[in-house]
Amino acid sequence: MRWKGRLLALIGFIAIVGSIVGAGYFLFGFYNVAASQAEPDVVAWALARTRAASVDRHATQRPPGSLDDPAIVRAGARAYTERGCVNCHGAPGVGWGKWSEGLRPYPPDLKNIVKDREPRQLFWVVKHGIGMTGMPAFGYVDDKEIWTIVAFVSKIAAVTPEEFKAWSAPTPGATPSEAR
Ligand code: HEC
């Protein structure tokens, strides 16, 4: 019977040493936080899993009306440009800002992910952002405007560069410099 006690003691010892080594790895700077290299697969997996589960649990707000209205989609394209989403995520016919290539995790190409996202999830991500990543919270923007952005992003895969250019063009006469 004594071997059972020894086995338990050994397991406990390994667990304690493992925790100390694990904590030391993070506390004493061995983990590399550089954005210039891809995060280890296990970290990327854990981040993506945590994000998906968290967004899904928190995103409870439903759209106030139809998101298919072309006027709302167009207003969303304008807001998407004016609020700076283009710099990090690009848009139909528009490239990412060069510096956004240095963000880790990398800002996704939205047309590739929206088919797997519901409007309530897109709304929540834009309103609250994603902590510890470059995705900012746009909570200072009216909910109504965020829903236009959601309407546009939901359709982004089908929008042509010409449409995007026309929809996101500044209103003529909006400011003196643009009116010229
Ligand atoms: C400063 C750069 C930056 C700006 C500006 C920015 N984003 Fe992001 N966004 C990111 C990054 C980085 C991620 C990836 C986060 C992650 O992988 O967890 C992201 C993720 C997302 C996601 C995906 C979330 C998911 O469920 O996977 C959506 C949708 C999104 N952004 C929409 C927007 C919209 C709309 C705007 C403008 C209102 C915007 N972003 C502005 C950097 C940015």
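The values are calculated or read from the model by the stated rules, or taken from the named source; none is laboratory data. As the structure is a computational prediction, the values presented were derived from the model and not from experiment. Cβ atoms come from the backbone with ideal geometry, glycine included; neighbour counts cover every protein chain shown. SASA here: full protein model, heavy atoms, side chains in, ligands and nucleic acids out. Shrake-Rupley method; radii C 1.70, N 1.55, O 1.52, S 1.80 Å.
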| message | I'd like the orientation of helix 143-155 relative to the chain: the angle between its Cα long axis and the longest Cα principal axis, in ° from 0 to 90, rounded to 10. | response | 90
| query | Tell me, what HN-Hα J-couplings in whole Hz come from the Karplus equation 6.51 cos²θ - 1.76 cosθ + 1.60 at θ = phi - 60° for each residue of region 65-76, using x for Gly and Pro? | reply | x, 5, 9, 8, 4, x, 5, 5, 4, 5, 4, x
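Is there a quick way to get the dipole size of region 61-109? I mean about its Cα centre, with the Cβ of Lys and Arg at +1 and of Asp and Glu at -1; what is the value in debye to the nearest 20? Can you show the working numbers first?
Details: 6 positive and 5 negative charges, 28 e Å.
Dipole magnitude for region 61-109 comes out near 140 debye.
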| note | Phi angles of region 9-15, converted by Karplus (6.51 cos²θ - 1.76 cosθ + 1.60, θ = phi - 60°) into ³J(HN,Hα) in whole Hz with x for Gly and Pro, give 4, 5, 4, x, 4, 4, 4
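With an 8 Å cut-off on Cα pairs and a minimum separation of 6 or more residues, tell me the relative contact order of region 41-171 in percent.
Details: 148 pairs, mean separation 48.2, N = 131.
In percent, rounded to a whole number, it is 37.
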| said: Compute, for region 41-171, the length of the dipole vector about the Cα centre, with Cβ point charges of +1 (Lys, Arg) and -1 (Asp, Glu) only. Units Debye, rounded to 20. | reply: 200
| request: Take the cross-link list K111/K155; K115/K155; K115/K144 and give me the ones stretching past 19 Å between alpha-carbons. | output: K115/K144
| Carbon + sulfur, % of accessible area of region 1-69 - ligands and nucleic acids excluded, 1.4 Å | 68
| query | Mind listing the phi-derived Karplus ³J(HN,Hα) values for region 109-122, rounded to whole Hz, using 6.51, -1.76 and 1.60 with θ = phi - 60°, and x for any glycine or proline? | reply | 6, 4, 5, 7, 10, 5, 5, 9, 10, 8, x, 4, 6, 4
| field | region 41-171: radius of gyration and largest Cα-Cα distance (Dmax), Å | value | 14.3, 47
| task | For the chain, set up a Gaussian network in which alpha carbons nearer than 10 Å are linked by springs, and say which option among A71, A166, A23 fluctuates the most. | result | A23
| request: Considering the options V141, H89, A9, tell which one lies farthest towards the positive end of the dipole of the chain, charges being +1 on Lys and Arg and -1 on Asp and Glu at the Cβ, about the Cα centre. | output: A9
| Considering only protein heavy atoms, what is the solvent-accessible area of S54 at a probe of 1.4 Å, reported in Å² to the nearest 10? | 40
| Label zone at K115, where the point sits 7 Å out along the Cα-to-Cβ direction: region 75-101 residues whose backbone N lies under 11 Å | none
| query | How high is the FRET efficiency from K144 to V21, r the C-beta distance, R0 45 Å, rounded to 0.05? | reply | 0.30
| Between A35 and D68, what length comes free when the chain is fully extended (0.36 nm per residue of separation minus the Cα-Cα distance, one decimal in nm)? | 8.1 nm
